[in-house]
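Written below as structure tokens is the structure these notes are about.
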Amino acid sequence: MIPVRHTKINKVKFGLYVVSTPIGNMGDITLRAIEILKKSDYILCEDTRVSKNLLKKYEIQSKLISNHKFNERKNTIKVIEILKSNKIVSIISDAGTPGISDPGAIIVNECIKQNINIFPVPGPTAVSSAVSISGFSEKYFFYGFFPGQNKDLIKDLSILGDLDCSIVFFISPKKINKAIEPLKKYFSGRKILICREISKFYEEYLRTSIDNLELYEKIPKGELTIIISEKINEINKSNNLDESDKKSIKKMIKILSIKDIIDIMTKKRDVSKKEIYNYCLKLKDEK
């Protein structure tokens, strides 16, 4: 007889819950996020007007506290007192994950100092959403929003240009045209994906090479997430086998099939499959 295990419903522990909310489409919220928000004594909101639309849709009636970049530090003492009285507090941003280019880092760090429980509630984020459809390297560096000062941008891009991985930026539509020339200067030869309004009705994706970027005639609406590809290694364009290629094939012909040799060589060089095939036959005939 197989014993029956009685699974207890997880009780929501006291502490701070960093809850991810939809970046566009309200249907992207997780069931767990809804549960935690409903059980929260308080919810810290970046903009209560924006958050009320989401909370109303899912019949969440927890008390709201306005928490944005201008009052987050001031809120900290009050929130810590609430958390120490064994309450459940959630923090959300207007869209995505708090603390990722949004308010949240200050209160999280204070909770760490005060040994208060912190729990992540994973969900939508523009960063991983954009990377997942880019087709670029899965290894990426997330920069965040472009700085306000152009000199700071130039300084950072000159460093980032040496990274051989995907690079993700957030950028205000008002700044995109000013950023195009620096991007072309420091990331020439790479590809780029520009995402606008991810998961919303007017979502838009522009794929091109950095060198072909052009200025926008009209300022686009909605914040932009841009992903720059890893460095593109140019394949040797010679269609002819050189002496180095022939030496490699001579070694491989002893242990590999012609098909395997063709696969290996064409990944290294843009050499005609027919030429590789004919050279392999020639070596076999010489035996």
Length gained if I77 through S137 is fully extended, taking 0.36 nm per residue and subtracting the Cα-Cα distance, is 17.4 nm
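Helix-only mean residue ellipticity at 222 nm, the chain, DSSP H runs n ≥ 4 weighted -39,500 (n - 2.57), per residue, nearest 500. What is it?
So the helix-based figure for the chain works out to -11000 deg cm²/dmol.
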Whole Å is fine, so just give me how far the alpha carbon centre of segment 5-82 lies from that of segment 250-287.
61
Multiply the residue gap between D156 and K218 by 0.36 nm, knock off their C-alpha separation, and tell me the result in nm, one decimal place.
19.6 nm
From the P(r) of the chain, could you give the percentage of C-alpha pairs in the tail past 33 Å?
47
Give me the distance in nm between label points sitting 7 Å out from Cα along the Cα-to-Cβ direction at V108 and K273, one decimal.
4.9
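Which pairs break 26 Å Cα to Cα here: K63/K221; K259/K282; K11/K57; K69/K174?
Details: K63/K221 32 Å; K259/K282 15 Å; K11/K57 24 Å; K69/K174 20 Å.
Result: K63/K221 exceed 26 Å.
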Could you tell me the largest-minus-smallest coordinate of the C-alpha atoms of segment 100-221 on each of the three principal axes, in descending order and whole angstroms?
51, 36, 28
Would you mind checking the tilt of helix 150-160 against the longest principal axis of the Cα atoms of the chain, expressed as 0 to 90 degrees and rounded to 10?
50
By how many degrees, 0 to 90 and rounded to 10, does the Cα axis of helix 243-252 deviate from the longest principal axis of the chain?
80
Checking the a/c ratio against 1.5 first, then a/b against b/c, what shape does the Cα gyration tensor give for segment 15-124?
prolate
Report the FRET efficiency, 1/(1 + (r/R0)^6), for V50 and T266, where r is their Cβ-Cβ distance and R0 is 41 Å, rounded to 0.05.
0.20
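Here, each number is a calculation from the coordinates, and none is a lab measurement. Everything numeric in this text was worked out from a predicted model, so none of it was measured. All Cβ positions, glycine included, derive from the backbone under ideal geometry; neighbour counts span all protein chains shown.
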